[in-house]
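Right, one structure below, let's go through it.
The values are calculated or read from the model by the stated rules, or taken from the named source; none is laboratory data. Note that the structure is a prediction, hence the values are computed from the model and not measured. Neighbour counts run over all protein chains shown; Cβ positions are idealised from the backbone, glycine included. Heads up: the accessible areas ignore ligands, DNA and RNA and are worked out on the full protein's heavy atoms, side chains in. Shrake-Rupley method; radii C 1.70, N 1.55, O 1.52, S 1.80 Å.
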Amino acid sequence: MDLDEQVGRVLGYGEICDHCLGRFFGKKSHGLTNAERGHGLRVARALRENVPYRAHEGSCWICHGLFDDLGVWVDRVVQALAGVEYATFLIGTRVPPLMAESEELVWSDLGLDGPEPLKSEVNREVGKAVSEITGREADLGKPDMVAILDLARDSVVLEISPLFFRGRYRKLERGIPQTRWPCRVCHGAGCERCGFTGKMYADSVEELIGRTATEAFRAEDAILHGAGREDIDARMLGEGRPFVMEMVAPLRRSVDLAALEEGVNNAAAGRVGVTIGGWATRGEVETLKSEKAHKKYRISVEVEGGIARKELEEALDRLRGAVISQQTPARVVHRRADRIRERRVVDARVAGQEDGTFFLDVVGEAGLYVKELVSGDGGRTRPSLAGLIGRPARVIQLDVLEVEGSGEME
Ligand SMILES: [Zn+2]
Ligand SMILES: [Zn+2]
């Protein structure tokens, strides 16, 4: 079937606009818009058949006049973008199934080899117009936001890309979980047990940093991704634990991170402190989660019936460098798989002593359960301090002094 015959067949389906006609032959020639292409084909056919030229009028059976109204969509996008900070954008279009099926029917009926889908013409044309009005660049790779034209609903939906920044946090107060912990009873809906907060704890490190950050970025939410986590009752001291914060749907993007750091440290004073290292990417979240950093703990230990320093040091000598076999601790086995894993104690030594309580510094591989290393967890952890000295021992308090690695992820 030659081109003229194909055009004749397309015109035979019903009233069609120049855009939709031209788009069926979108790969033919260059430097033409689809509307120019469609018009040209219509003129060429009239000349060749020597019949009166007739311009398109009425409603196009494919797009139902969408391309006559493209300016309306441009205005909708520009309005939706007002009040949002972005440098780059992308237009996306949700095409109603019936509209897509109409053009696909013609493609297969006529065996067309280079048609352009309606969606890509809309995306390109609206994108060009929005770019001219706003002065912002369209970006096919990683745009700051995507404006989706929902043709069936006559509305524009914005998908604002998240922003990430990296830092380290110190947790100065015990009893704060790292991230929000939904109420066990209502799972977040709000009930009497949780005082209708939906949460087990009023605050988390995530919220203590996130509240200030959410305000600064005018974001919907802030999600903390940590390099591991400490227990709720443990502090996180020293240089702090590396994290990446994900700002969800931020309306502002040009936030001064130094000012943000100061704002967080003021708002969370005495509870959480942060140093913010810079901007991050989603890829860094994965790196952060997969890193196996050593952790250094300062623990205070109580041994039933007391213990002499020398005996304690001898036991620590045997733990230093040892590979510990740990079955999932009894205290967490209700929410984690029950299995045995091995972690090494890199270092363990006495750091101080006060009224019969010993302070120990323990460096362990990521994932070492330190409380169980001391108590033995009823034989689930071997070897353990309690096992080596033959008497019950337990951790009274625990702080994380250092999380090695990470942070230097530039
Ligand atoms: Zn049309
Ligand atoms: Zn509840």
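If the condition is being of a type in the set (Phe, Trp, Tyr) and in contact with a strand residue (DSSP E or B) (Cβ under 7 Å, 6 or more places away or on another chain), then the stretch 165-199 contributes Phe165, Tyr169, Trp181. Within the stretch 24-42, the set of residues being away from ligand 1 (no atom under 14 Å from the Cβ), open to solvent by 50 Å² or more (accessible area, probe 1.4 Å) and either at pLDDT below 90 or not in a loop (DSSP other than H, G, I, E, B) (or both) comprises Lys27, Lys28, Ser29, His30, Glu36. For the stretch 203-212, the criterion of a residue being surrounded by fewer than 14 Cβ atoms within 10 Å (Cβ to Cβ) and either within 13 Å of ligand 2 (Cβ to nearest atom) or outside any helix (DSSP H, G or I) (or both) is satisfied by no position. Would you point out the residue of the stretch 391-408, among those that are crowded, with 18+ Cβ neighbours inside 10 Å and modelled with pLDDT under 75, that is nearest to Leu373 (Cα to Cα)? Ranking the qualifying residues of the stretch 391-408, first place goes to Ser406. In the stretch 59-78, the residue that is nearest to ligand 2 (Cβ to nearest atom) out of those that are within 14 Å of Val146 (Cα to Cα) and open to solvent by 20 Å² or more (accessible area, probe 1.4 Å) is Arg76. Within the stretch 159-202, if we keep just the residues that are among the β-branched types (Val, Ile, Thr) and surrounded by fewer than 18 Cβ atoms within 10 Å (Cβ to Cβ), the residue that is nearest to ligand 2 (Cβ to nearest atom) turns out to be Val185. Residues that are within 14 Å of ligand 1 (Cβ to nearest atom), charged (D, E, K, R) and open to solvent by 20 Å² or more (accessible area, probe 1.4 Å) within the stretch 4-23 comprise Glu15, Asp18, listed in sequence order. Across the stretch 161-204, the number of residues qualifying as of a type in the set (Lys, Arg) and within 18 Å of Gly228 (Cβ to Cβ) comes to 6. Quick check on the stretch 43-54: of everything there that is outside any loop (DSSP other than H, G, I, E, B) and among the charged types (D, E, K, R), which residue is least open to solvent (accessible area, probe 1.4 Å)? Within the stretch 43-54, the match that is least open to solvent (accessible area, probe 1.4 Å) is Arg45.
Count of the stretch 109-119 residues, restricted to those that are open to solvent by less than 40 Å² (accessible area, probe 1.4 Å) and small (Gly, Ala, Ser), is 1.
Number of residues in the stretch 352-385 that are assigned to a strand (DSSP E or B), among the hydroxyl-bearing types (Ser, Thr, Tyr) and modelled with pLDDT of 95 or more equals 1.
State whether the residues of the stretch 125-147 include one that is within 16 Å of ligand 1 (Cβ to nearest atom) and in contact (Cβ under 8 Å) with a residue 24 or more places away in the chain.
Yes, some residue in the stretch 125-147 is within 16 Å of ligand 1 (Cβ to nearest atom) and in contact (Cβ under 8 Å) with a residue 24 or more places away in the chain.
Does Val285 satisfy the condition of being under 30 Å from Thr357 (Cα atoms), touching a residue at least 12 places away in the same chain (Cβ under 8 Å) and not acidic (Asp, Glu)? Answer is no for this residue.
If only residues of the stretch 55-91 that are part of a helix (DSSP H, G or I) and charged (D, E, K, R) are counted, the one that is nearest to ligand 1 (Cβ to nearest atom) is Asp68. Restricting attention to the stretch 243-271, the residues that are touching a Lys or Arg at 6+ places or on another chain (Cβ under 6 Å) and surrounded by 17 or more Cβ atoms within 10 Å (Cβ to Cβ) add up to 1. From the list Gly278, Gly238, Gly283, the one residue that fits, being open to solvent by 20 Å² or more (accessible area, probe 1.4 Å) and not in a helix (DSSP H, G or I), is Gly238.
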